[in-house]
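Colleague: Mind looking over this structure? Questions follow.
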């Protein structure tokens, strides 16, 4: 069975050389290639390779950060392939090992003949190494919940578990028909110990629960809620989650519950790629297993979770 390899390097020339070496050697399948660390993390979650070849100096996201994200999200054996030309480069290479990479190989300045023999052997050895998840204590600064058909009851079950002093703001995009939003808020308040309010333009993101308004997107910019009007499909869970990923990075938590279609799956993936926490409700508890299934298929979550697991995680954040 072939060893599945992901190549992450900003040099197309290097990627082509490595692919040719692996093809000529046999026993390897290149399942993906990326020119920056962010795309590398995304492809690692999506393609599930047996081993990753990682450069360190890359645009958008460097190799060190990509290694950190991969070891947190989907631990995979990583071989660093880099040009160590000065003391700083050597330091960075060893820092890669501390973040979870298994080994380092120096890129040749001239002929690749020696590496053509060494690289396949190292990959075969590294692919068998059992790597462990690197835990990183992340402070959750905001929780975003996205839901559609079958979601209101689930949202209520989550909110009613929050203690009155719960410190983390909770923002909810629940697809509702226009005119039902006030009743939804009143219904949630009846069983909630935290404040529940409708979103308004320019509102500060603060503790309590804020509900999106039907027909308008809800996004966060500079710590304030914005409600862009007239956008088709509003409120969009994807656009909502994307704004949380951009605003809060690893401090964001995204949760997808029940609903048809795929709205929210791509945005949830962005939260995960930014280092945030992500959850999707398991099929058995969804009235419609659509958006959560899409999240799982896109790699926005490793697995789906029960409502109990989601509630337990949320309460730990506080």
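We did not get these values from a lab; they are worked out from the coordinates using the rules stated. The model shown is predicted, which means the values in this text are computed figures rather than measured ones. Using ideal geometry, Cβ is built from the backbone for each residue, glycine included, and neighbour counts are taken over all protein chains shown.
Colleague: How much of the DSSP bridge set in the chain is antiparallel, in percent, rounded to the nearest 5?
Modeller: Of those bridges, close to 10 percent are antiparallel.
Colleague: Could you list 279, 248 in order of exposure, starting from the residue whose Cβ has the fewest other Cβ atoms within 10 Å?
Modeller: 248, 279
Colleague: Normalising by the residue count of the range 3-126, find the relative contact order in percent from Cα pairs under 8 Å and 6+ residues apart.
Modeller: After rounding, I find 23 percent.
Colleague: Sorting 250, 29 on the 10 Å Cβ count, fewest up front, what's the list?
Modeller: With the sparsest Cβ surroundings first, the list reads 29, 250.
Colleague: At 222 nm, what helix-only mean residue ellipticity would the chain give, in deg cm²/dmol to the nearest 500, using -39500 (n - 2.57) for each DSSP H run of four or more?
Modeller: When only DSSP H runs of four or more count, the value is -11500 deg cm²/dmol.
Colleague: Give me the one-decimal nm value for the distance between modelled label points at residue 157 and residue 19, 7 Å along each residue's Cα-to-Cβ direction.
Modeller: Result for the modelled spin labels: 4.7 nm.
Colleague: Using only Cα atoms, find the angle between the long axis of helix 12-25 and the longest principal axis of the chain, and express it within 0 to 90 degrees, rounded to the nearest 10.
Modeller: 70
Colleague: What is the projected area of the convex hull of the Cα atoms of the range 3-126, averaged over all directions, in nm²?
Modeller: 6.6
Colleague: For labels at residue 118 and residue 204 in the simple 7 Å Cα→Cβ model, what's the distance in nm?
Modeller: 5.8
Colleague: Run the simple label-point estimate for residue 197 and residue 306 please: 7 Å along Cα→C-beta, distance reported in nm.
Modeller: Taking the two extended label points, one gets 3.6 nm.
Colleague: Turning to a different aspect of this structure: Give me the angle, in degrees from 0 to 90, between the Cα long axis of helix 237-248 and the longest principal axis of the Cα atoms of the chain, rounded to the nearest 10.
Modeller: Value to nearest ten degrees: 70.
Colleague: How high is the FRET efficiency from residue 47 to residue 97, r the C-beta distance, R0 25 Å, rounded to 0.05?
Modeller: Efficiency for this residue pair is about 0.60.
Colleague: Based only on the alpha carbon positions, what is the Kirkwood hydrodynamic radius of the chain, in angstrom? Display every interim value, and only then the final one.
Modeller: Numbers: mean 1/r = 0.0477 Å⁻¹.
After inverting the pairwise mean of 1/r, the radius is 21.0 Å.
Colleague: Here's something else I'd like to know. Given the convex hull of the Cα atoms of the range 142-317, what is a quarter of its surface area in nm²?
Modeller: 8.5
Colleague: Now for a separate question. Evaluate the relative contact order of the chain (contact order divided by residue number), counting alpha-carbon pairs under 8 angstrom at least 6 apart; express in whole percent.
Modeller: Result for the chain is 13 percent.
Colleague: Also, quick follow-up: How would you order 267-276, 299-308 from highest to lowest mean count of nearby Cβ atoms within 10 Å?
Modeller: Values: 267-276: 24.6, 299-308: 18.0.
The most tightly packed comes first, giving 267-276, 299-308.
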